[in-house]
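K.L.:
Handing you a structure now.
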Ligand SMILES: Cc1cc2nc3c(=O)[nH]c(=O)nc-3n(C[C@H](O)[C@H](O)[C@H](O)COP(=O)(O)OP(=O)(O)OC[C@H]3O[C@@H](n4cnc5c(N)ncnc54)[C@H](O)[C@@H]3O)c2cc1C
């Protein structure tokens with residue numbers, strides 16, 4: 001990998017997401033050699049992926065080069081590498097570009113879509129965990145309308161314009177709201193020769209309320225907002241099978257749809273070498289102690305979505321969200337410095353700053369520790385928070401300008417089929 005030997009201990013961080021970047025920033029100017037590896041050369045701001053999928057933002061404005069984050073940090077190295085294996089005995093990481101020994105290893109590989117072993121859903125539904133996946137979805141949505149224009153078969157046309165989003169968490173709610181706004185504000189102008197009123201947006205939730213991790217009032221309000229936008233909200237309904245054309249559920253409801261978006265679960269990315277039962281908890285997360293150490297190891301740590309730190313307050317671990325990931329990264333940075341000086345490490349204490357979800361223009365819900373509010377003010381707070389946490393000054397400006405433009409013009413101009421998407425089942 002062409003990483004020079006150093007007198008400083010080597011920290012390998014796998015993953016340049018929220019957790020890995022927060023840690024890297026903490027280790028700048030410390031007495032470590034830091035090697036950050038990621039399979040992408042950019043950091044992805046996942047909370048805004050749905051805006052890429054729905055043409056509200058360009059993908060470049062929610063991505064940031066990892067090398068730029070590390071610019072100017074002494075003893076830092078970035079390698080564009082996909083890690084395939086951890087050799088614990090040799091204290092070595094194996095990747096597609098070679099292997100490298102570590103003194104301290106930090107696993108910050110995040111999470112991936114969880115289909116709970118359902119092959120038909122995995123094969124035929126759309127995911128939204130990365131920029132390439134969001135671009136696939138953007139292309140598919142637009143291609144469907146182009147196709148709908150061409151067919152005389154009413155049945156086929158309706159299936160092309162019928163969107164099913166499975167999962168009533170923040171991702172599902174935000175995506176459903178954005179699609180509903182497109183239906184209302186953009187489709188009639190873009191496709192005057194198509195009866196776009198027949199387009200349907202269905203949000204299917206297995207439980208009895210949307211946004212189950214938020215307060216009852218937030219759930220209720222989000223549902224009201226969605227219904228006002230014309231989204232069909234289905235509760236206590238589970239999609240069990242999807243062959244690329246028909247989605248079957250646990251009752252008699254079926255959906256004929258060309259587009260099923262699976263936003264109903266995530267699981268940790270599992271690396272070989274750390275994938276045996278002794279290390280893993282529910283959702284394949286790595287069991288860690290309060291110092292982020294992976295069960296049974298002094299020098300292997302896990303932070304962010306991939307880590308499960310159980311405590312009295314958080315018996316199922318912290319939520320798989322950006323805040324815990326960043327806070328864990330920062331705490332681990334302090335702890336590595338303490339550890340290298342032979343001092344006692346600080347246990348991690350999560351400072352829960354609350355959660356938010358947006359449904360659409362002037363419509364958001366916010367549960368902060370002391371206040372719960374919904375509507376226009378929540379929407380402004382949501383925008384401010386997202387701009388604040390977005391990495392890169394240029395990205396903030398671009399996103400802000402886009403939002404102002406979209407707000408004034410009721411538009412989303414990134415509705416481009418740059419990279420046509422072919423559904424997997426069509427390729428078989
Ligand atoms: C659509 C969507 C919307 C979301 N909305 C919100 C929200 O509104 N608020 C919120 O707080 N959270 C939200 N989240 C969750 C939040 O994005 C995650 O909790 C957060 O990204 C976790 O940070 P992380 O550093 O653990 O992992 P990630 O940010 O996922 O980073 C993991 C990194 O590891 C890299 N990687 C993975 N495997 C390998 C490998 N084998 N080798 C090398 N590199 C690898 C990946 O390329 C990635 O860069 C959302 C997530 C999604 C998908």
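The values are calculated or read from the model by the stated rules, or taken from the named source; none is laboratory data. Here the structure is a predicted model, which means the values were calculated and not measured. All Cβ positions, glycine included, derive from the backbone under ideal geometry; neighbour counts span all protein chains shown.
K.L.:
Is one or more of the residues making up the range 171-194 surrounded by 22 or more Cβ atoms within 10 Å (Cβ to Cβ), over 15 Å from residue 360 (Cα atoms) and not assigned by TED's automatic domain parsing to the domain that holds residue 314?
P.N.:
no
K.L.:
Scan the range 139-158 and give yes if some residue there is under 29 Å from residue 307 (Cα atoms), crowded, with 20+ Cβ neighbours inside 10 Å and either in contact with a helix residue (DSSP H, G or I) (Cβ under 7 Å, 6 or more places away or on another chain) or in the same structural domain as residue 415 (by TED's automatic domain parsing) (or both), otherwise no.
P.N.:
Kept after step one, since they are under 29 Å from residue 307 (Cα atoms), are these residues of the range 139-158: none.
No, that holds for no residue.
Here's the yes/no breakdown for (1) more than 24 Å from the chain's Cα centre (by Cα); (2) closer than 27 Å to residue 356 by Cβ; (3) within 11 Å of the ligand (Cβ to nearest atom); (4) free of Cβ contacts under 8 Å to residues at least 12 places away in the same chain:
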{"site": "48", "(1), (2), (3), (4)": "no, yes, yes, no"}
{"site": "58", "(1), (2), (3), (4)": "no, yes, no, no"}
{"site": "62", "(1), (2), (3), (4)": "no, yes, yes, no"}
{"site": "75", "(1), (2), (3), (4)": "yes, no, no, no"}
{"site": "103", "(1), (2), (3), (4)": "yes, no, no, no"}
{"site": "114", "(1), (2), (3), (4)": "no, yes, no, no"}
{"site": "136", "(1), (2), (3), (4)": "no, yes, no, no"}
{"site": "142", "(1), (2), (3), (4)": "no, no, no, no"}
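K.L.:
Here's something else I'd like to know. Can residue 263 be described as over 21 Å from residue 21 (Cα atoms) and buried (at least 24 other Cβ atoms within 10 Å of the Cβ)?
P.N.:
When the stated conditions are applied, residue 263 passes them.
K.L.:
I need a count of the residues in the range 286-307 that are within 12 Å of the ligand (Cβ to nearest atom) and not in a loop (DSSP other than H, G, I, E, B).
P.N.:
So the count comes out to 6.
K.L.:
Criterion first (more than 16 Å from the ligand (Cβ to nearest atom), part of a helix (DSSP H, G or I) and in contact with a strand residue (DSSP E or B) (Cβ under 8 Å, 6 or more places away or on another chain)) does residue 332 satisfy it?
P.N.:
It is false that residue 332 is more than 16 Å from the ligand (Cβ to nearest atom), part of a helix (DSSP H, G or I) and in contact with a strand residue (DSSP E or B) (Cβ under 8 Å, 6 or more places away or on another chain).
K.L.:
While we're on this one: So which residues in the range 375-391 are in a helix (DSSP H, G or I) and touching a helix residue (DSSP H, G or I) at 6+ places or on another chain (Cβ under 7 Å), if there are any at all?
P.N.:
383, 386, 387, 389
K.L.:
On to the next question. Against the definition (under 16 Å from residue 357 (Cα atoms) and in contact with a helix residue (DSSP H, G or I) (Cβ under 9 Å, 6 or more places away or on another chain)), how does residue 171 come out, yes or no?
P.N.:
Criteria met by residue 171.
K.L.:
Going residue by residue through the range 317-329, is there one that turns out to be away from the ligand (no atom under 16 Å from the Cβ), in contact with a helix residue (DSSP H, G or I) (Cβ under 6 Å, 6 or more places away or on another chain) and in a loop (DSSP other than H, G, I, E, B)?
P.N.:
no
K.L.:
Applying the selection to the range 34-45, what residues are surrounded by fewer than 21 Cβ atoms within 10 Å (Cβ to Cβ) and not in a loop (DSSP other than H, G, I, E, B)?
P.N.:
Result: 42, single match.
K.L.:
Shifting gears a bit: Residue check: is residue 108 outside the structural domain of residue 182 (by TED's automatic domain parsing), within 8 Å of the ligand (Cβ to nearest atom) and touching a strand residue (DSSP E or B) at 6+ places or on another chain (Cβ under 8 Å)?
P.N.:
The answer is yes for residue 108.
Residue-wise test of (1) away from the ligand (no atom under 14 Å from the Cβ); (2) without any contact (Cβ under 8 Å) to a residue 24 or more places away in the chain.
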{"site": "145", "(1), (2)": "yes, no"}
{"site": "152", "(1), (2)": "yes, yes"}
{"site": "156", "(1), (2)": "yes, yes"}
{"site": "161", "(1), (2)": "yes, no"}
{"site": "164", "(1), (2)": "yes, no"}
{"site": "172", "(1), (2)": "no, no"}
{"site": "180", "(1), (2)": "yes, no"}
{"site": "183", "(1), (2)": "yes, no"}
